[in-house]
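Scroll down for the structure; my scribbles are underneath it.
The values are calculated or read from the model by the stated rules, or taken from the named source; none is laboratory data. No experiment lies behind these values; they were computed from the predicted model shown. Methodologically, a virtual Cβ is constructed for each residue, glycine included, from the backbone with ideal geometry; neighbour enumeration extends over all protein chains shown. The area values use the complete protein model at the heavy-atom level, side chains included, leaving out ligands, DNA and RNA. Shrake-Rupley method; radii C 1.70, N 1.55, O 1.52, S 1.80 Å.
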Amino acid sequence: MYVGDDPSLSPRLHRFLAEHTHRLPHTTEARIRSAAAMTVDGRDEPAPEELITAMVRFEERYGGLRYAVIGSNGMEYGLDGVPTGHRGPLGPALPGIFDGDQTWGIDVLADGRTAMGPGRWPYRIIDRSVDQRLEKHALLVAVRSWPHRTFTCSTPPEVLPVVDEERLPPPVPEATGPADLWWGDDSTAIQITLSGWPPGQDRWTVRYFARTPRRAADANPTVYAAIGHETVPAHWCALCSHDIAPGTTCPPALDTNDRHRRGRP
């Protein structure tokens, strides 16, 4: 079943898929089963049934899906007619996603998780499922035009930030995964997302979104009290593509596209 036709999805994700995505033709099951291969030591071999099943499942649900989140390059899902996987550090994987914001490919593992290792960064799990990946993007698109403040913090490799959730809105479990933590309600949303993981350190971007600039001004004491790691104001906002002075709030965007993106988290 194509993800957009799944009635079990959250209303937020349904709105996102209907308003912000489109779907190109995808690779058929017949094509996958007739041509599926796995690259091993530089040569192609017949793909194991585990990988073929994963390819068919992924392509039927997500193949051809396209949308933008932060930059204009966009996210692209699908085998693009070339059903060739590989054996990566975490087992059989298919190169099913191109992350336009990272400008890097993402593997989909046979169990449905996603993984990547840009450049010399370690190869690691990013999303617990593609549905969770879509949920986190749907939530970010819904709140990205709200007034927001941006912070950064660091942790040891593969250690999630320690957070006192009593100081934050309710968690958003459907959007939360190994590299993204979300909390939100009708007036605020907090995102902690893994922005870099060079050897020896994980770097996290913390964003505090609020419907009003006055409420966004509450970000600093809330974030500092909630996160149990040294957290400092960021000097760059990737959402707005400009430098930011410490302690300032990025104003909501006023262009037509951003006004269209406003909505409930």
Item to check | Subset of the stretch 173-196 (residues that are open to solvent by 10 Å² or more (accessible area, probe 1.4 Å), touching a residue at least 12 places away in the same chain (Cβ under 8 Å) and not in a strand (DSSP E or B)) | outcome: 174, 176, 178, 185, 186, 187
Next on the checklist: Conditions first: (1) surrounded by 15 or more Cβ atoms within 10 Å (Cβ to Cβ); (2) without any contact (Cβ under 8 Å) to a residue 60 or more places away in the chain; (3) among the acidic types (Asp, Glu). Residue 218 passes all but one, so which condition is the exception?
Outcome noted: (1)
Next on the checklist: Just the residues that are under 19 Å from residue 173 (Cβ atoms) and buried (at least 16 other Cβ atoms within 10 Å of the Cβ), please, taken from the stretch 1-13.
Outcome noted: 3, 9, 10, 12, 13
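Give me the residue from the stretch 150-172 that is in a loop (DSSP other than H, G, I, E, B) and in contact with a His (Cβ under 7 Å, 6 or more places away or on another chain) and, out of that set, nearest to residue 128 (Cα to Cα). If you could, list the steps in order and put the result at the bottom.
If we filter the stretch 150-172 for residues that are in a loop (DSSP other than H, G, I, E, B), which is where we start, we get 156-162, 164, 168-170, 172.
Those left that are additionally in contact with a His (Cβ under 7 Å, 6 or more places away or on another chain): 161-162.
Working: 161: 17, 162: 19 Å.
Among those residues, the one meeting the criterion is 161.
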Item to check | Test: residue in the stretch 131-143 that is buried (at least 16 other Cβ atoms within 10 Å of the Cβ), at pLDDT 95 or above and in a loop (DSSP other than H, G, I, E, B) | outcome: no
Item to check | Among the residues listed as 238, 225, 245, the single one being open to solvent by 10 Å² or more (accessible area, probe 1.4 Å) and touching a Gly at 6+ places or on another chain (Cβ under 9 Å) | outcome: 238
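Test residue 99 against the criterion of being farther than 30 Å from residue 242 by Cα, in contact (Cβ under 8 Å) with a residue 24 or more places away in the chain and of a type in the set (Asp, Glu), and give yes or no.
no
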Next on the checklist: Filter the stretch 197-206 down to the residues that are outside any loop (DSSP other than H, G, I, E, B) and either open to solvent by 10 Å² or more (accessible area, probe 1.4 Å) or closer than 16 Å to residue 219 by Cβ (or both) and list them by number.
Outcome noted: 203, 204, 205, 206
Checklist entry - Which ones in the stretch 1-39 are touching a strand residue (DSSP E or B) at 6+ places or on another chain (Cβ under 6 Å) and either of a type in the set (A, V, I, L, M) or free of Cβ contacts under 8 Å to residues at least 12 places away in the same chain (or both)? => result 37, 38
Checklist entry - Taking the stretch 145-167 as the search range and keeping residues that are crowded, with 22+ Cβ neighbours inside 10 Å and at pLDDT 95 or above, which one is farthest from residue 194 (Cα to Cα)? => result 146
Checklist entry - For residue 146, are the conditions met, namely being part of a strand (DSSP E or B), in contact with a helix residue (DSSP H, G or I) (Cβ under 8 Å, 6 or more places away or on another chain) and within 24 Å of residue 21 (Cα to Cα)? => result no
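Show me the strands (runs of 3 or more DSSP E) entirely contained within the stretch 19-123 in which 3 or more residues are open to solvent by less than 80 Å² (accessible area, probe 1.4 Å), more than 29 Å from residue 194 (Cβ to Cβ) and of a type outside the set (D, E, K, R).
Counting at least 3 such residues, we get no strands (runs of 3 or more DSSP E) at all.
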Item to check | Lone qualifier among 59, 45 - being of a type in the set (Asp, Glu) and under 13 Å from residue 130 (Cβ atoms) | outcome: 59
